[in-house]
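Working notes, structure below.
All of the numbers you see were taken from the coordinates with simple rules; none came from a lab. On a predicted model such as this, the values are computed, not experimentally measured, just so you know. Virtual Cβ from ideal backbone geometry, glycine too; neighbours counted across all protein chains shown.
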C-alpha cells in the first residue's frame, strides 16, 4: 500500500488507521514531501515513511513502489477522499486472477466530494482517453488502484507528475494487461487540494496526445 502525501497532517492518521482496519497486515508505505508534520504523524500511526524531496505525484508513487514487497501493489491518496472500505473489492479481481490492474472508478454518478469544475474536467479527460486509445475508461485519473507486482514490472513507468495515472493505464493497455474498473465511493478531501484543474488537466491531455502520435 503506497500513500503519497504533501501536507496531509489532518488526514494521514485516519487514512492509515482505516487501511489497517480493512486490510489488516497490509504493508503501508507513506511517501512524504510535506513540511507540516505529516511525516511524524505517519510514523506514529505505524507506517513505514519515506521522505521524498522531489515534488510530484509520479515521483512519490514510483518511489513507494520501488520499496514495496507485496505481490499486489496498491496506492491510495492520503487526503481521506477515498474510503479504505473499498480497498478489498479493488484488490479482489487481482487476487482472483481476473485482472492485472484494478482501478477504483468514481464516476457511476457525480462524486459528492468533487467540485463541478473537476467533475467536468475528469469527464473530458476520460472521453479523450477513450476516443484516442479506443478503450472505454470511466475514470482514468483515479487515485485508488491495485496492480500485480508482475504486471508492474512490465510497465517501466517514468512520469513524475499528474500524468502518471494516465501512463499506468495506457502502458497497461499497450502491454495487453487485463484492466478492470471497480466502483468506489469518493468524498470531500481533508485539507487543501494540491491539484490545479486547468494546468494539470492540460498536462494530462498533452501527454495523451503525445502518446497517441507515437
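Result for the chain in a Gaussian network model with C-alpha springs under 10 Å: among 150, 52, 27, the largest mean-square fluctuation is at 150. Rounded, prolate or oblate, given the Cα gyration tensor of the range 121-161, with a/c below 1.5 counting as rounded? Prolate, because a/c is 1.5 or more and a/b exceeds b/c. Residues in the range 135-166 near a label at residue 212, defined as backbone nitrogen under 19 Å from the 7 Å Cα→Cβ point? The answer is 135-142, 163-166, whose backbone nitrogens lie closer than 19 Å to the label point.
Computed extension gain for residue 175 through residue 118, at 0.36 nm per residue and net of the alpha carbon distance, reaches 17.6 nm. Quick one: check the C-alpha center-to-center distance for the range 93-146 versus the range 174-188, whole angstrom. When both Cα centres are located, 6 Å separates them.
Between residue 55 and residue 193, the simple spin-label model (points 7 angstrom out along Cα→Cβ) gives 1.8 nm. Structural descriptor for the range 2-213: relative contact order 25 percent, calculated from alpha carbon pairs under 8 angstrom and at least 6 residues apart.
Note on residue 130 and residue 108: the extension gain reaches 6.3 nm, defined as 0.36 nm multiplied by sequence separation minus the Cα-Cα distance. Let me make sure I get this right: for the range 13-86, a, b and c are the square roots of the gyration tensor eigenvalues over alpha carbons, sorted descending. Under 1.5 in a/c it's rounded, otherwise prolate if a/b > b/c, else oblate. Which is it? Oblate, because a/c is 1.5 or more while a/b does not exceed b/c.
Need one word for the range 81-175: rounded, prolate or oblate. Basis is the Cα gyration tensor (sqrt eigenvalues a ≥ b ≥ c); a/c below 1.5 gives rounded, then a/b vs b/c decides. It is oblate, given that a/c is not under 1.5 and a/b is not larger than b/c.
Multiplying the residue separation of residue 83 and residue 71 by 0.36 nm and removing their Cα-Cα distance gives an extension gain of 2.1 nm.
Fewest neighbouring Cβ atoms within 10 Å first, the residues 130, 81 line up as 130, 81.
Among 136, 199, 154, which one shows the highest mean-square fluctuation when the chain is modelled as a Gaussian network with alpha-carbon springs under 10 Å? Comparing 136, 199, 154 in a Gaussian network model of the chain, the most mobile one is 199.
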